[in-house]
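Some notes on the structure that comes next.
The values are calculated or read from the model by the stated rules, or taken from the named source; none is laboratory data. Bear in mind the structure is a predicted one, so any value in this text is a computation, not a measurement. Note: ideal-geometry Cβ built from the backbone for every residue, glycine included; neighbour counts use all protein chains shown.
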Amino acid sequence: MKKFLLVLALLIVSLPIMAEQTKQGGYAGTPPGFYDDIDPNSTEQEEYNDIPQYRNMNKKGAPVFNQDGTFHEYSDDDEIMIAPTEQAKATKNYAQIYNNLEPANFSYLHGIDPDEFYDVKDATWSVYPLLRLNSPIYFKNIAIEPGYYLLTPREHDGKWFILFKQNGKVVHIIPVYERGYTPQKFYDEHIPKPKLKPSQKVHMKFLSAVGKVKSSKRKDPVKNFLEVNDLDNYFINVVIYYGNHKYSTIFRTIRL
């Protein structure tokens, strides 16, 4: 009992000494003067200023661009600029494209396309895409009236043109403003496959397996596809996919 009272008395005496040591440091467990340089009235923003990615986050300024249109990472104020997620794609100036195109300065004798024979000699039907017009379209001083036209890409003196044919005769020659490659698997995605009877499937598999045996059937014609898109300001874009290339032409739906 005496030992307990003695321990209790020692604890009571030591409490003021421990409290004073704590006050000297400002916070328990830290050496004296550790937090003397901290202003308790400072804001969180001042603490962020020591971190590089938050420095200058509250400065004013406008985005700065390079000559090629890309963003500077920093402006003249040494501000941090956030780069755009994606750059806007430039749209084609179809009016300028139309104005820059020149009408064809050549024609075909008697309207006969001499290369057509080589295109169709192994085909049972026409290999050219068919365009059906319900209303007239115009290219410069050329008016293409409603009707059916077989569209044929042809090169002349290093330039490409689209021949509009009716009854095997060339009736119009329209310049191409852009020639490119057909995307891979384009025809598989846009042209439906023919439905074959079970006997036809067996026959096709047999021909594929034999391979070297020459079939009596005609060769498959060149694949083709046609796109027609309405544009602003009464323009219309016609894209002909023929084999491995595509050809773009432009018209107007009203005469200038």
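Filtering region 162-180 to residues that are in contact with a helix residue (DSSP H, G or I) (Cβ under 6 Å, 6 or more places away or on another chain) and within 15 Å of Glu116 (Cα to Cα) leaves Lys169, Val170.
Yes/no per residue for (1) touching a residue at least 12 places away in the same chain (Cβ under 8 Å); (2) in a strand (DSSP E or B):
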position: Asp119; (1), (2): yes, no
position: Arg132; (1), (2): yes, yes
position: Arg154; (1), (2): yes, yes
position: Lys165; (1), (2): yes, yes
position: Glu189; (1), (2): no, no
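Would region 226-238 turn up any residue that is part of a loop (DSSP other than H, G, I, E, B), at pLDDT 90 or above, of a type in the set (S, T, N, Q) and under 37 Å from the mean Cα position of the chain (by Cα)? No: region 226-238 contains no residue that is part of a loop (DSSP other than H, G, I, E, B), at pLDDT 90 or above, of a type in the set (S, T, N, Q) and under 37 Å from the mean Cα position of the chain (by Cα). Scanning for something among the hydroxyl-bearing types (Ser, Thr, Tyr) and under 28 Å from Asp232 (Cβ atoms), does region 145-155 turn up at least one residue? Looking through region 145-155, at least one residue is among the hydroxyl-bearing types (Ser, Thr, Tyr) and under 28 Å from Asp232 (Cβ atoms). Only one of the numbered conditions (1) closer than 17 Å to Lys223 by Cα; (2) surrounded by 11 or more Cβ atoms within 10 Å (Cβ to Cβ); (3) not hydroxyl-bearing (Ser, Thr, Tyr) is violated by Lys121, and that is (2).
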